[in-house]
Amino acid sequence: MSGYSSYEPKSGFEKWLDSRLPIVRLGYDTFIFPTPRNLNYWWTFGGILAVMLMSQIITGVILAMHYVPHVDMAYDSIQHINRDVNFGWLLQPMHAVGASMMFLAVYIHMFRGIYYGSYKAPREVLWIVGMAIYLLMMATGFMGYVLPWGQMSFWGATVITNLFSAIPFVGDAITSWLWGGFAVGDPTLNRFFSLHFLLPFLILGLVILHVWALHVPGNNNPTGISVKDVEKDTLSFHPYYTVKDAFAIVVFLMVFAAFVFFMPDALGHPDNFIRANPLVTPAEIVPEWYYLPFYAMLRAIPDKLGGVITMFGAIALLFVLPWLDTSKVRSMRYRPLAKLFFLIFVLACIGLGWCGANSPMAMVFVTGTDAATGEPTGFSFLWLARILTLYYYAFFLLILPILGLVEKPKPRPQSIEQSVLGKGEA
Amino acid sequence: MSSSASTSAQEPTRRDFIYIMTGAVGAVGAGLYAWPLIDQMNPAADTKALSTIEVDMAGVEEGQQIIVKWQGKPVFIRHRTKKEIDEARAVDAASLRDPQTDDQRLVPDMNGNLQPQYLVMIGICTHLGCVPIGDGAGDYDGWFCPCHGSQYDSSGRIRKGPAPKNLPLPPYKYLSNTLIKIG
Amino acid sequence: MNIRKTTLRAIIGAGLMALSVNAFASEGAELKHKHFSFEGLFGTYDKAAGQRGFQVFKEVCSGCHSMTLVPIRALGEEGGPFYDEKHPNPIDNPVIKAIAKDFTITDGPNSDGDMFERPGKPSDYFPAPFANEQAARASNGGALPPDFSLLVRAREHGPQYIYSLLTSFEDEAPEGVELRDGMNYNPVFAGGQIGMPPPLFEGSVEYSDGTPATVEQMASDVVTFMAWAADPKMEVRKRTGWMVMIYLFIFALLMYGSYKAVWRDVEH
């Protein structure tokens, strides 16, 4: 895929084909590729994501054979799939749970990238393509959640599309353009179905670019040190990492299967088993768990437009991360302070998810009772969300830029090989 | 694992064994995974539940035909007149394109007797799948296909035109004198 | 503890994320801890309870509650309360045929263009007691009796919630609670006031298997039936799940062996 190629056609046919369509060379160079020998299990999530994306596309295409994108029939057709279609009881939960599993894997993949500095030169484009994939995944997941046309589907769609109405001057025009009407309705459902079918193939295209961009500089590794000696520092991706990835994939599939077979409803919301009703709003509208941190940011800001900007800004920051981090050292393994702030950052993201799942008015802990109203007083989720949002922004805009200039990194090994051998002796 | 030098010659086979085992188990898993993906396109339970229907023929008057839908196909149920039955029986089956006697076009009832007045057939022309016109149409007091002019007699047998076969019979059986279960 | 009931809803991979969502019936009373046959990793539907539950549904609940997504034949499909190995296809099962015949189905139009009524067939869906939502509300003092097809899965802790609701009606509201007109007091229901009058009384149905029809018994039976209606493929799903888990475990071991074999000579 890059300039580097170790492929040598052997048979006459291979030579003939290679000079016309070097597809064997493409496959060969994708897998017979020098890879740092010290990659740990956090590096297996790329392979896991590739498998999950294929699983989602396969089950998705199948579900589209039975699903009916019409407000009167969408809800019933999901039940038809679960009750009457052969193996529908397996394929529909696989698709719904699979979405959660993809997000789980992509978050681990992203945190790994941040911790080991995988976004830093010369991998900025690799990182940005990855962020574009993540953004498309969010859009795809959101539109997919609307399709069953339950209460959460409908009201989630209403709330999220209404975000765009915060845009000055053109907001209302944009929302009604998104809806194809004056509220979420049949035209909305139809276009969401169409886009939900299309976007995964765009994701697949971006994944190919992502892998391509990976093959130019090669893999980062836990030390963050660049490969110096291909002989000593690297192993061929196949068979060493194909087998390691395959093992990790099988273990991940066990987690996936445990949800699909034994708790298919655990990651969803009971309200989505109620048919969509435009006249009745559920007691609390909660998005899928993978959007909760951003949902918390949205609600943390008292101003409508401000909330929307804060939420989208949190994603936009990720795109420019390569230029926010000023440290010359890639891996936080050798950055004790950064490591600490990173840990807090992970906890802040989880905490924001927790805030998103709870009403902003609810209390994290209760300190007393308001004498006048009898309401409990204390520290509310609203304020926790505000503090954590502040930290989220500070991590990218203050901590990473400043830390790179002031932090004194620990000594690093001379090479990947040395780090491996050093560990072996210890 | 022994580390003596002599084992090094055997170890490749032991390693190969685990690779082969892993590959074989993986292949079996892939095959099992593929089955739901294929089987989901087969008729679903609600479709299969409609695969048989019961029809009471008592309401069909002599000389009348009703059409019922079975598995998405039209089924002709004709209460034949004496004249039609006699005509159908008078034909020498051996001379036909698709040789069948009139009795072979019927199914015995619960007592083992034929009820020649009731003729039950799938109303799809064996030429190219059109639905023939009934009520004694055509030269043989039977059915006439408007698409390419195939003509069937009062027993639903092909007599003239391009169709190669007689009108097919659905699987059915008598549950009482007039009640049949198709499918 | 007493007012706010927080539920751990999802523990996501390797303890990465633990989220808590408030059960939205947060004002309702504590649910009863009733264990059902279908819960747990090996749970299956108690067939006898399901059959009794169907009787309760048919004789009591179906007067107001619909179950429109469930076909009658499903009762006799694998995993259903009336499944019979001798008749794997439920439309041939005489028990299912007899059950179906008892329902009156509106069909049509006939050749005169009119709708007509006929006895049910196994392929029919359970007929709804009201023609539409408006009619249902009009007959029930403005409250809509929810459809049973997915009700157990549409409530947090569905089986316990419905069981507790059915067994917690109180004749009189406690002091300080003013019941609105036509409402009934039930502390399990959010707000305590529910449009549904107590549906079950001792002996509301007469069980053919001789089980005493106490309110608790009927509630437990009908919850078993409703749980089956909401998730009819649960048994086959769990059964398949165990085979898949065992397969994946063996495959993972072999894969680990292959991994170790490939990396055997590599320092890493």
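The values are calculated or read from the model by the stated rules, or taken from the named source; none is laboratory data. Bear in mind the structure is a predicted one, so any value in this text is a computation, not a measurement. So basically every Cβ, Gly included, is an ideal-geometry build from the backbone, and we count neighbours across all protein chains shown. With ligands, DNA and RNA removed, areas are computed over all heavy atoms of the protein, side chains included. Shrake-Rupley method; radii C 1.70, N 1.55, O 1.52, S 1.80 Å.
The figures follow:
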item	result
5 angstrom amide H check on residue A:379, placed H, neighbours 5+ away	A:364, A:365, A:367
Exposure ranking of C:151, A:398 by accessible area [1.4 Å probe, largest first]	A:398, C:151
Accessible surface of chain A [probe 1.4 Å, protein heavy atoms]: carbon and sulfur percent	72 percent
nm² value of the averaged projected area, convex hull over the Cα atoms of region A:326-417	8.2 nm²
Per-residue HN-Hα couplings for region A:405-420 [Karplus 6.51, -1.76, 1.60; θ = phi - 60°; Hz; x = Gly/Pro]	8, 9, 6, 9, x, 6, x, 10, x, 5, 8, 4, 4, 4, 5, 5
Angle between chain C longest axis and helix C:215-230 axis [Cα atoms, degrees, rounded to 10]	60 degrees
Nearest-10 value in Å² for the accessible area of residue A:33, using the 1.4 Å probe	10 Å²
HN-Hα J in Hz across region C:108-125 - Karplus 6.51, -1.76, 1.60, θ = phi - 60°, x for Gly and Pro	x, x, 7, 5, 8, x, 9, 6, 9, 9, 8, x, x, 10, x, 7, 6, 8
Square roots of five times the Cα gyration tensor eigenvalues for chain B, Å	59, 20, 16
For region A:202-348, the fraction of alpha-carbon pairs in successive 5 Å shells from zero, as %	2, 6, 7, 11, 14, 17, 16, 11, 7, 5, 3, 1, 0, 0
Acute angle (nearest 10 degrees) that the helix A:304-324 long axis makes with the longest principal axis of chain A, alpha-carbon atoms	0 degrees
Under 10 Å, Cβ to Cβ, from residue C:262 - net charge with Lys/Arg +1 and Asp/Glu -1	+3
With all protein chains modelled, accessible area of residue C:121 [1.4 Å, Å²]	100 Å²
Intensity falloff of region A:1-70 expressed as log10 I(q)/I(0), Debye formula with alpha-carbon point scatterers, at q = 0.20, 0.22 Å⁻¹	-0.91, -0.96
Most mobile listed residue (C:245, C:226, C:218) in chain C, GNM with C-alpha springs under 10 Å	C:245
Accessible area, probe 1.4 Å, largest first, for residues B:48, C:34	B:48, C:34
Heavy-atom surface of chain A, accessible at 1.4 Å and reported per residue (Å²)	44 Å²
Whole-Å distance, taken between Cα centres, linking region B:156-181 and region A:105-170	60 Å
Residue-by-residue Karplus 3J(HN,Hα) for region A:342-358, coefficients 6.51, -1.76, 1.60, Hz, glycine and proline x	4, 4, 5, 4, 4, 5, 5, 5, 5, x, 5, x, 5, 4, x, 7, 10
Choice from A:118, A:331, A:165 showing the highest fluctuation, given a GNM over chain A with Cα pairs closer than 10 Å	A:165
Dimensions in Å of the protein assembly as shown - Rg and Dmax from alpha carbons	33.9, 109
Shielding by other protein chains, B:31-43, mean Cβ within 10 Å	4
Per-residue average of Cβ from other chains inside 10 Å of A:142-151	0
Cα Rg, Dmax, region A:15-167, angstrom units	20.0, 60
Exceeding the 26 Å Cα-Cα cut-off - candidates B:48/C:238; A:408/C:260; A:15/A:244	A:408/C:260; A:15/A:244
Shielding of B:47-59 by partner chains, average beta-carbon count, 10 Å	3
For chain A, fraction of C-alpha pairs farther apart than 35 Å, in %	38 percent
Volume per residue of the C-alpha convex hull in region B:100-155, rounded to whole Å³	81 Å³
Size descriptor, Kirkwood hydrodynamic radius, that averages inverse alpha-carbon separations across region A:156-246, Å	17.6 Å
P(r) of region C:119-268 over all Cα-Cα pairs, binned every 10 Å from zero, in whole percent	9, 23, 29, 14, 9, 8, 6, 3, 0
Sparse-neighbour loop sites [trypsin sites (Lys or Arg not before Pro); region A:10-58; at most 15 other C-beta within 10 Å; DSSP]	A:10, A:20
Two-decimal Rg to Rh for region C:100-178 - Kirkwood Rh, Cα set	1.13
Protection proxy ranking of A:374-382, A:403-411 - average other beta-carbon atoms within 10 Å, highest first	A:374-382, A:403-411
Alpha-carbon Rg/Rh ratio, for region A:305-356, with Rh computed the Kirkwood way	1.05
Solvent-accessible area of residue A:344 with every protein chain in place, 1.4 Å probe, in Å² to the nearest 10	70 Å²
Size of the C/B contact, given as accessible area buried on both chains, probe 1.4 Å, in Å²	1400 Å²
Hull shadow area, averaged, chain C [alpha-carbon convex hull, nm²]	22.2 nm²
Candidates A:143, A:263, A:297, ranked by Gaussian network fluctuation over chain A, Cα under 10 Å, top entry	A:263
